[in-house]
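J.: My questions will all concern the structure given below.
The values are calculated or read from the model by the stated rules, or taken from the named source; none is laboratory data. These numbers were taken from a predicted model, which means no experiment stands behind them. A quick note on method: Cβ atoms are made from the backbone with ideal geometry, for glycine too, and the neighbour counts reach across all protein chains shown. Surface accessibility is based on the protein's heavy atoms, side chains included, excluding ligands, DNA and RNA. Shrake-Rupley method; radii C 1.70, N 1.55, O 1.52, S 1.80 Å.
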There are 2 protein chains.
Amino acid sequence: MGRPSLIDSTEGIEKRLAILDAAASVFMNLGFSAASLDDISEAYGATKGIIYYYYRNKSALFFAVQRRAMELTREAIEPHALAGERPAIRLRRMAHDHTLLMMEHLAYLRVAAQGLELHLTGRTTASERAELEEILKLRAANEALYVRVIEAGVQSGDFRPMDPKLLVKPLLGALNWTSRWYHPRKNETAKDRERVADELAGFAVSALLPHPQ
Amino acid sequence: MGRPSLIDSTEGIEKRLAILDAAASVFMNLGFSAASLDDISEAYGATKGIIYYYYRNKSALFFAVQRRAMELTREAIEPHALAGERPAIRLRRMAHDHTLLMMEHLAYLRVAAQGLELHLTGRTTASERAELEEILKLRAANEALYVRVIEAGVQSGDFRPMDPKLLVKPLLGALNWTSRWYHPRKNETAKDRERVADELAGFAVSALLPHPQ
């Protein structure tokens, strides 16, 4: 409703994504409370008017960044989760692409972590809580994709017997922690990131394998 | 200096720890910015005067909680890290006790996570940054204990060849994530927590084992 023509056009979608990119960086660097719409419009390189055209306030931008982080994650893992390969191979590819995503869209994933902190502390308004609940649902759906593959692996014997709903927690911790420790190095190449993603994927799969002997 | 007699007595130490317990709960539930010294003195069950006797302001309490979180972690893992057992056994015990600690001192570890977020966003004063640097050093020392055991395990053949300084990151992520997802259940027993600690320790060790075949 209202002004759909520009917002839904290809140009509108590209603009929205560019605004979100700018917002993600600003939130990552300053945190939600310190960041202002002025900071974001400056990072985006346009007046605040254009941002207000797409997002009604700072809070809406914060949640849009988090929602996009969850969507990017789903896009990275879902095709592998639903593929016909063996569970261990599916899990390796999910963990690999999930890790690469975190390194390549660090700001989005770090803002998602900020949102989770905000949720945990509970100092939120009713409408913020409704938004956070939506995002938690997207987060839970991504987790469910991992649980599904772990369950399949336990059944097939790829993985040892375990409680998939418990073991998915350290698995996601191992991957999500990347947004805490990872900082791109000077002159880093795609190959460097590939190596990190390979190592983390190996870690994740190995953690679930049957114990030797 | 100044008033050491009461502060350093057994009674003084016990009081300080009880104040920290109260502060940890309040920071966990409200977050650093929303929490007030009134909230903390109410949770502690005494006037603000007694808190000011030990801590000069809210910020000092916030950092004292984080410092204690790092010290508790060191106390949980260091004895195992330095023991004479095989590296895989040492790592299993470290991960086990680290996880139990997080469940039993959830508020401390969650406040430590808040502090890390605050550090990442960088919206801190110079004296806060100095305090945060101190805490990061304690955090790094704990990480170094894990790296040391992973290195020993790679050398002994307990673990597969790997880069210990990289692989320690997902390992700590798997353990530290507990402070995000864990909520004590009604009627939970020490045995329930023991089971979680066992599963997470198994996950951590398994992640580093040589791959079968």
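J.: Roughly how tilted is helix A:106-121, in degrees to the nearest 10 and between 0 and 90, from the longest Cα axis of chain A?
T.: That works out to roughly 90 degrees.
J.: With unit charges on the beta carbons (Lys and Arg positive, Asp and Glu negative) and the dipole taken about the Cα centre of chain B, which residue among B:PHE27, B:LEU17, B:THR189 sits farthest to the positive side?
T.: B:PHE27
J.: Taking just the alpha carbons, could you work out the radius of gyration and Dmax for the protein assembly as shown, both in angstroms?
T.: 22.7, 74
J.: Place the label 7 angstrom along Cα→C-beta at B:ALA34 and in each other copy, then list the distances from the first to the rest in nm, shortest first.
T.: For B:ALA34, the other copies' label points sit at 2.0 nm, shortest first.
J.: Want the number for A:ASP163 to A:ALA190: 0.36 nm per residue separation, take away the alpha-carbon distance, what's left?
T.: So the extension gain works out to 6.2 nm.
J.: Can you give the accessible area per residue of the protein assembly as shown, in Å², using a 1.4 Å probe?
T.: Result: 46 Å² per residue.
J.: On to the next question. Kindly identify residues of segment A:171-213 having a loss of at least 40 Å² in accessible area between the isolated chain and the assembly of all protein chains, probe radius 1.4 Å.
T.: A:TRP177, A:ARG180, A:TRP181, A:ARG195, A:GLU199, A:PHE203, A:SER206, A:ALA207, A:HIS211
J.: Of all GluC sites (Glu not before Pro) in segment B:150-213, which ones are in loop regions per DSSP and have a Cβ with at most 15 other Cβ atoms within 10 Å?
T.: Of the GluC sites (Glu not before Pro), the ones in loops of segment B:150-213 whose Cβ has at most 15 other Cβ atoms within 10 Å are B:GLU188.
J.: A follow-up question, please. Using only the heavy atoms of the protein chains and a 1.4 Å probe, how would A:ARG86, A:ARG185, B:ARG160, B:ARG16 rank by accessible area, largest first?
T.: A:ARG185, A:ARG86, B:ARG16, B:ARG160
J.: Also, quick follow-up: Placing unit charges on C-beta atoms (Lys and Arg positive, Asp and Glu negative, everything else neutral), compute the dipole magnitude of segment A:40-89 about its Cα centre in debye, rounded to 20.
T.: With Lys and Arg at +1 and Asp and Glu at -1, about 260 debye.
J.: Rounded to two decimals, what is the ratio between the C-alpha radius of gyration of segment A:1-55 and 2.2 N^0.38 Å?
T.: Ratio of Cα Rg to 2.2 N^0.38 Å: 1.16.
J.: Next up: Using only DSSP helix segments of four residues or longer, with each worth -39500 (n - 2.57), what per-residue ellipticity at 222 nm results for the protein assembly as shown after dividing by its residue count and rounding to 500?
T.: -25000 deg cm²/dmol
J.: Please say if segment B:63-206 is rounded, prolate or oblate, where rounded means a/c under 1.5 for a ≥ b ≥ c the square roots of the C-alpha gyration tensor eigenvalues, and otherwise the choice is prolate for a/b larger than b/c and oblate otherwise?
T.: oblate
J.: Could you list, in their original order, any pairs among B:LYS15/B:LYS137; A:LYS58/A:LYS169; A:LYS15/A:LYS58 whose Cα atoms are separated by more than 20 Å?
T.: B:LYS15/B:LYS137; A:LYS58/A:LYS169
J.: Tell me the angle of helix B:58-81 to the major Cα principal axis of chain B, expressed in degrees between 0 and 90 and rounded to the nearest ten.
T.: Long axis of B:58-81 versus the principal axis of chain B: about 30 degrees.
J.: Here is a follow-up. Where nothing but the Cβ of Lys and Arg (+1) and of Asp and Glu (-1) is charged, how large is the charge dipole of chain A around its Cα centre, in debye to the nearest 20?
T.: Charge dipole, chain A, about its Cα centre: 280 debye, nearest 20.
J.: Compute and list, largest first, the equivalent-ellipsoid semi-axes of segment A:139-197 from the alpha carbon gyration tensor, each √(5λ) rounded to a whole angstrom.
T.: The three semi-axes for segment A:139-197 are 29, 13, 9 Å.
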